[in-house]
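The values are calculated or read from the model by the stated rules, or taken from the named source; none is laboratory data. All values derive from a computational prediction rather than experimental measurement. Positions of Cβ are generated from backbone atoms using ideal geometry, with glycine treated the same way; all protein chains shown enter the neighbour counts.
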Amino acid sequence: MDAIVAEKASQAEALAAPFSHQKQKDVIIIRPCEQFPQGAKIVWCAGHLFEIKSPHELNGQWKRWSLDHLPMLPDQFQYKMVRGRAKRFQSIKTVLRDPSVRTIIAAGDPGREGELIVQLVVRMTGVKKPMKRLWTQSLTPQAVKDAFSNLLDIEATRPLYEEALARSYADWLVGMNTSRAYTLLLRQQQQAREVYATGRVQTPTLALIVQREKAIQAFTEELFYEVIGTFDVEGNVYEGTLQREGGTRFVSKEEAEKHANEAVNQPSQITSATHETKQLQPPNLHSLSSLQALANKRYKYGAKKTLQLLQKLYERSYISYPRTDSPFVTAAEAATFPEILKKLGQQQTFADLLIHTTRSIATDRRYVNAKKVTDHHAILPTEKMPKMDRLGKDEAAMYDLVVRSFIAAHCAPAKYSHRNITTLCAERTFLSKSKQLLEPGWRKVLFAEETPSSKPLPDVIEGMTGISRKMNVKEGKTEPPKRYTEGDLITAMKNAGQAIEDKQLGRVLKEASGIGEESTRSAIIERLKALEYITLQKHRIVPTEKAHVLINCIGDTVLASPELTARWEKRLKEIGSGKASSEQFIMQSRKFASKLVTDAVQASSGWIVQPLEQKQNASPPRTRQTQLSSKEPLGSCPTCGGNVVDKGKLYGCDQFSTTKCPFTLSKTILGKSITAAAVKKLLTNGKSSLIKGFKGKSSFDAYLVWKDREKGSLGFEFAKPKRSSKQTTKKE
């Protein structure tokens, strides 16, 4: 009998689906069949069941945070069970130790984390039996049966297991040591108990966010001016923009007006007129990051939510494996496309879209390229069709994105008419451009509405002459960089190498697909939120003051650079492909962690760090809003540490104009006016003075107290009734 270890319950059910089976509480029994003559038992994990022990669990001395104990370099890494996973582990161990079980089949997700989850659990059971590996990109019944007929020897994927172990050990070494080093060093300067967690992926990501915020803060708005001419050439009227060295913009309005005045009502001649039709090919198929960026832009889904939705669709066999960094497929996948298109055409939701398909992409190397498929191919719909009305709203929206991308790839290119006219007037050159959509092609599938085309240009030829009828000076202003959305940040992490001047490092980053792994980038964003390094404001990411403090101290060291994670990912991929040694990588990581600690200690003498509380309490820039509301502070804001002031209609945080701190207190609660004195006492002592006459179902007296201080939610502490003298006198 075989024992199959899946990564999660839903995956176990999908693996059992093609066979006659019986589901019990903690195991699925596959009845004897052609594939499993002796039958099989499927058990499942629940994600990671084990994690590396914390420092103090590896060495008792490390329980106390001290620079004297750094670096922490365990002789051997040990594991502990993840809290709440004991029963799940016991059910797996019971099945694997069953004497009737002769072979174990590892059936985790096809990637390094799936490899680690299952192989580590088997290792921790102590069971040593022959092992095989199930490897499938899809969980459709046919794909599952094909995968069970083509099991891999466990040694074929052991390098992936070694890669995952090496990554987890190296991340522990760098993360644990640098987190303690920066926390302890900053505490010495801030006199505060803040924890500054760092990591080889999260810290470069945080640096991207902080650098963007600094660029926004340093931005100074500037006005600029452009000269727009209106020309009449042999009855053809069109507009053109004055060209000058370096572009089209003037800093001085007077200079722009001078050019406009000198060029108006002057003879004009067309010196160049071009017209060409260009084709725009359909977009690539989706990787995880491109879908996360698109879903964030279109539906405001966070990166984590997008991955969760895709995972649900995958586990129900509606799409292929979602944690992929490749937009390409192999010829084998492409061979299934006609059947998938046929089944999609039978779906009412997508039938109308299929009429736009015009071609096969089986030989199109923009989509089919085995050399560019890494562990996993692009995200595709499978031949199993969902009933759309039975999907949740968000699941249906995500499935729609995957399907439309797939259908669009089979459509004709979009065609555009491009016209350029160069006009000479008063010894000045004016350029006119237009772009007109001729045939939408694939755009009919991806876009419900087309964006308006630019104003069409007339059909003119070189040498035609006329006159400039008008010259208008158009005012504009420069705009600051925008804060990242989660989708923008995912894209920035993936493309981190493109903006780096060091070409060699840029190539390394490109080879490593930027910062982090496709499957972990959303988790990194969630961790930065949990660590209070970032917040979301109107779907855009804002770094907190704590983030600025950390990144300012780390500076341009390798810990904040994409270089570290890029070089690591490159080496890890070499380990995963059997080309590099995991032992050597871990040894180098130990040395590197030691160096990072030493560098931080040496650099700390040059840090200038204002205590976090003082920095947050500092007055914001005096905008008109703060001038109107700036009064004597009533106390510290429980949400951000700023000052709570009287803002007229309410009490609120004086940091709102700069950090958008949401803390407010109403001036009227249950019909009673809340005085500044009561608020001051509440902020100082956590409890207001007694307020009489609240109007509920009946009138009552109470103190205002915090239900949740950080969220600013209030509760009542009711006044105890005074006892009469008779009640307080002892009976004789």
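Residues of region 249-287 that are in contact with a helix residue (DSSP H, G or I) (Cβ under 7 Å, 6 or more places away or on another chain) and buried (at least 23 other Cβ atoms within 10 Å of the Cβ): Pro282, Leu285, His286.
Given the criteria within 28 Å of Leu186 (Cα to Cα) and either in a helix (DSSP H, G or I) or among the basic types (Lys, Arg) (or both), does Thr535 qualify?
Values: within 28 Å of Leu186 (Cα to Cα): yes; either in a helix (DSSP H, G or I) or among the basic types (Lys, Arg) (or both): no.
Judged against the criteria, Thr535 is not a match.
For region 374-407, the candidate set comprises residues that are in contact with a strand residue (DSSP E or B) (Cβ under 9 Å, 6 or more places away or on another chain) and in a helix (DSSP H, G or I); within that set, the residue that is surrounded by the fewest Cβ atoms within 10 Å (Cβ to Cβ) is Leu401. Within region 177-198, the set of residues being assigned to a helix (DSSP H, G or I), among the polar types (S, T, N, Q), in contact with a helix residue (DSSP H, G or I) (Cβ under 9 Å, 6 or more places away or on another chain) and within 21 Å of Arg527 (Cα to Cα) comprises Asn177, Thr178.
For region 220-256, which residues satisfy the criterion of being among the aliphatic types (A, V, I, L, M) and part of a loop (DSSP other than H, G, I, E, B)? Talk me through it step by step, then tell me what you get.
Within region 220-256, the subset among the aliphatic types (A, V, I, L, M) is 223, 227-228, 233, 237, 242, 251, 256.
Selection gives Val251 alone.
Scan Glu51, Glu7, Glu34 and give me the residue that is among the charged types (D, E, K, R) and crowded, with 18+ Cβ neighbours inside 10 Å.
Numbers: Glu51 fails: crowded, with 18+ Cβ neighbours inside 10 Å; Glu34 fails: crowded, with 18+ Cβ neighbours inside 10 Å.
Exactly one of Glu51, Glu7, Glu34 is among the charged types (D, E, K, R) and crowded, with 18+ Cβ neighbours inside 10 Å, namely Glu7.
Of the residues contained in region 59-75, none is found to be at positive phi and surrounded by fewer than 16 Cβ atoms within 10 Å (Cβ to Cβ).
I'm checking my understanding of the structure. Among residues of region 293-339 that are assigned to a loop (DSSP other than H, G, I, E, B) and of a type in the set (Lys, Arg), which one is surrounded by the fewest Cβ atoms within 10 Å (Cβ to Cβ)? If you could, list the steps in order and put the result at the bottom.
Start the filter on region 293-339 by keeping residues that are assigned to a loop (DSSP other than H, G, I, E, B), which leaves 300-302, 316-318, 320-328, 330, 335-336.
From the residues that got through so far, the ones that are of a type in the set (Lys, Arg) too are 300, 316, 323.
On the way: Lys300: 13, Arg316: 18, Arg323: 22.
Applying the filter and picking the extreme gives Lys300.
Do we have Leu139 as closer than 19 Å to Gln11 by Cα and surrounded by fewer than 18 Cβ atoms within 10 Å (Cβ to Cβ) here? Criteria not met by Leu139. The criterion of being modelled with pLDDT of 95 or more and in contact with a strand residue (DSSP E or B) (Cβ under 8 Å, 6 or more places away or on another chain) holds for Met124. Annotation note: of Lys595, Lys591, Lys546, Lys579, the sole residue that is of a type in the set (Lys, Arg) and surrounded by 16 or more Cβ atoms within 10 Å (Cβ to Cβ) is Lys546. Among the residues of region 434-471, those that are of a type outside the set (Val, Ile, Thr), surrounded by 13 or more Cβ atoms within 10 Å (Cβ to Cβ) and over 22 Å from Pro413 (Cα atoms) comprise Leu457, Pro458, Met464, Gly466, Ser468, Arg469, Lys470, Met471. Selection within region 213-248: residues that are at pLDDT below 95 and among the β-branched types (Val, Ile, Thr). The member of this set that is surrounded by the most Cβ atoms within 10 Å (Cβ to Cβ) is Ile216.
Listed by position, the strands (runs of 3 or more DSSP E) contained in region 9-117 that have at least 1 residues being of a type in the set (Val, Ile, Thr) and more than 21 Å from Ile154 (Cβ to Cβ) are 28-30, 50-52. Say whether the condition of being of a type in the set (Asp, Glu), under 21 Å from Trp65 (Cα atoms) and either in the same structural domain as Leu208 (by TED's automatic domain parsing) or in contact with a helix residue (DSSP H, G or I) (Cβ under 8 Å, 6 or more places away or on another chain) (or both) is met by at least one residue in region 569-579. No, region 569-579 has no match at all.
Considering every residue within region 155-172, establish whether at least one is in contact with a strand residue (DSSP E or B) (Cβ under 7 Å, 6 or more places away or on another chain), acidic (Asp, Glu) and over 30 Å from Ala14 (Cβ atoms).
no
Pairing each residue of region 185-211 that is more than 21 Å from Asp599 (Cα to Cα) and without any contact (Cβ under 8 Å) to a residue 60 or more places away in the chain with any residue that is charged (D, E, K, R) and surrounded by fewer than 22 Cβ atoms within 10 Å (Cβ to Cβ), provided the two are 6+ apart or on different chains, yields C-beta distances under 8 Å for Arg193/Arg187.
Taking the numbered list (1) in a helix (DSSP H, G or I); (2) out of contact with any Gly (no Cβ under 9 Å at 6 or more places or on another chain) in turn, Val174 passes all entries but (2).
Within the span defined as region 364-373, one or more residues are within 17 Å of Ser326 (Cβ to Cβ), modelled with pLDDT under 90, under 29 Å from the mean Cα position of the chain (by Cα) and crowded, with 17+ Cβ neighbours inside 10 Å.
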